[in-house]
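Single-structure report; data block below.
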Amino acid sequence: MLIKVSEVEALSGRRLGLVFSGGTTGVADLSALIDQGGSMVEPLCDETYFARVFLEAGAPTWPNGFDLAPWALHADLKAAGALEPASQSV
């Protein structure tokens, strides 16, 4: 099954609330990724810019073109035991 993100919400603390097409939700903490640095993630350090996340083809994306693979987000949250049924709020 192709995993996509159907809803995304920027949360405080460099986190994203995610609803996946497979009927699960989770909260992804992007702090470690952002702390690694790099020209594409540097803008995400700004809370206002981070909040500009939107979905493009089911992937969380920012205006500079940086995006996150939905399947990788889902796999990471699943491995961490951090997925919940979609009826839970993000």
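The values are calculated or read from the model by the stated rules, or taken from the named source; none is laboratory data. Here the structure is a predicted model, which is why all the values come from computation and not from measurement. Ideal geometry is used to build each Cβ from the backbone, glycine not excepted, and the neighbour counts take in all protein chains shown. In case anyone asks, the SASA skips ligands and DNA or RNA and just uses the protein heavy atoms, side chains included. Shrake-Rupley method; radii C 1.70, N 1.55, O 1.52, S 1.80 Å.
Just give me the residues in the range 70-86 being closer than 14 Å to Ser6 by Cβ and within 11 Å of the chain's Cα centre (by Cα), in sequence order. Scanning the range 70-86 gives Pro70, Trp71, Leu73, His74.
Please go through the range 21-57 and give me each residue that is among the hydroxyl-bearing types (Ser, Thr, Tyr) and in contact (Cβ under 8 Å) with a residue 12 or more places away in the chain, ordered by number. Ser21, Thr24, Thr25, Ser31, Tyr49, listed by residue number.
Within 9 Å of the chain's Cα centre (by Cα), modelled with pLDDT of 95 or more and either surrounded by fewer than 17 Cβ atoms within 10 Å (Cβ to Cβ) or in a loop (DSSP other than H, G, I, E, B) (or both), is that true of Gly17? When the stated conditions are applied, Gly17 passes them.
So which strands (runs of 3 or more DSSP E) stay within the range 23-90 end to end and still have 1 or more residues that are more than 14 Å from Leu11 (Cβ to Cβ), touching a strand residue (DSSP E or B) at 6+ places or on another chain (Cβ under 8 Å) and open to solvent by less than 40 Å² (accessible area, probe 1.4 Å)?
24-29, 59-61
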